[in-house]
1. Round to the nearest 0.05 the FRET efficiency obtained for Leu26 and Val84 when R0 = 25 Å and r is the Cβ-Cβ distance.
2. Where only protein heavy atoms count, and the probe is 1.4 Å, what is the accessible area per residue for region 19-93 in Å²?
3. In nm, what is the difference between 0.36 nm times the number of residues separating Ala54 and Ala75 and their Cα-Cα distance?
4. Using a probe of 1.4 angstrom, how much of the accessible area of region 22-93 is carbon and sulfur, in percent?
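The values are calculated or read from the model by the stated rules, or taken from the named source; none is laboratory data. Just so it is clear, the model here is predicted, and its values are computed rather than measured. Ideal geometry is used to build each Cβ from the backbone, glycine not excepted, and the neighbour counts take in all protein chains shown. Side chains included, ligands, DNA and RNA excluded: accessible areas come from the protein's heavy atoms. Shrake-Rupley method; radii C 1.70, N 1.55, O 1.52, S 1.80 Å.
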Amino acid sequence: MLSLALAMTLSQTTDLQFLETGGRKLYQHVAELVATKWNAGSQCALVVGATFPAELAGVRGLVGEMPLLVPGIGAQGGEIEGTVSAGRTAAGT
């Protein structure tokens, strides 16, 4: 499985993920590429930090049912309820 990091859990790591490209953030562009072009065999997953619930919800909207690895609950500042709500698929999983 190929895993790509999109939105990291620490605010110091946002230099690239929030870079504007073509009218949207770089992480959004990468998420869409992975979901629509690179994941033909369902071999991809994305890493999205729990400390960015709005971005997590946006990524979920772009990638549908694709697996997400979501680090950052607890000491890094992510809250479980908001993270689960933001990352839930249309099926509720």
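1. 0.45
2. Working: 4100 Å² over 75 residues.
It amounts to 55 Å² per residue over region 19-93.
3. Here the segment from Ala54 to Ala75 would lengthen by 5.7 nm.
4. C and S fraction of accessible area: 57 percent.
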